[in-house]
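Reviewing the structure listed below.
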Amino acid sequence: MNEYVTATKSYFEREKSEAEAFLDTYLNNADAKAAARDLSEEQQQAELSLKLEIKSTTHKLVNAEHALEILE
């Protein structure tokens, strides 16, 4: 396989792994879910920030999966 394709594939495999790890950690962590209740304004801002990070990470995962499909 072309070295550039191999390097690009490695990049997207890493992106996919990082995204999956982040989402698995948050979505399967009961403490994180419980902490989302009864929040102060500062905590609500932190929750919003986390939600944006989850959205961003989900897009990263989808992008990496599609890129890997194309490279195959």
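The values are calculated or read from the model by the stated rules, or taken from the named source; none is laboratory data. As the structure is a computational prediction, the values presented were derived from the model and not from experiment. Neighbour counts are summed over all protein chains in view; Cβ atoms, including those assigned to glycine, are modelled from backbone coordinates with ideal geometry. Keep in mind that these areas ignore ligands, DNA and RNA; they rest on the heavy atoms of the full protein, side chains included. Shrake-Rupley method; radii C 1.70, N 1.55, O 1.52, S 1.80 Å.
If you filter segment 57-72 down to residues that are open to solvent by 70 Å² or more (accessible area, probe 1.4 Å) and without any contact (Cβ under 8 Å) to a residue 24 or more places away in the chain, you find that the one that is farthest from residue 9 (Cα to Cα) is 59. Checked against (1) at pLDDT below 80; (2) part of a helix (DSSP H, G or I); (3) of a type in the set (Gly, Ala, Ser), residue 56 meets all criteria but (1). For segment 5-19, give me each residue that is hydrophobic (A, V, I, L, M, F, W, C) and surrounded by fewer than 14 Cβ atoms within 10 Å (Cβ to Cβ). 5, 7, listed by residue number. Inclusion of residue 67 among residues that are assigned to a helix (DSSP H, G or I), of a type in the set (A, V, I, L, M, F, W, C) and either at pLDDT 75 or above or more than 16 Å from the chain's Cα centre (by Cα) (or both) is warranted. Yes or no: residue 38 open to solvent by 70 Å² or more (accessible area, probe 1.4 Å) and at pLDDT 85 or above? In short, no.
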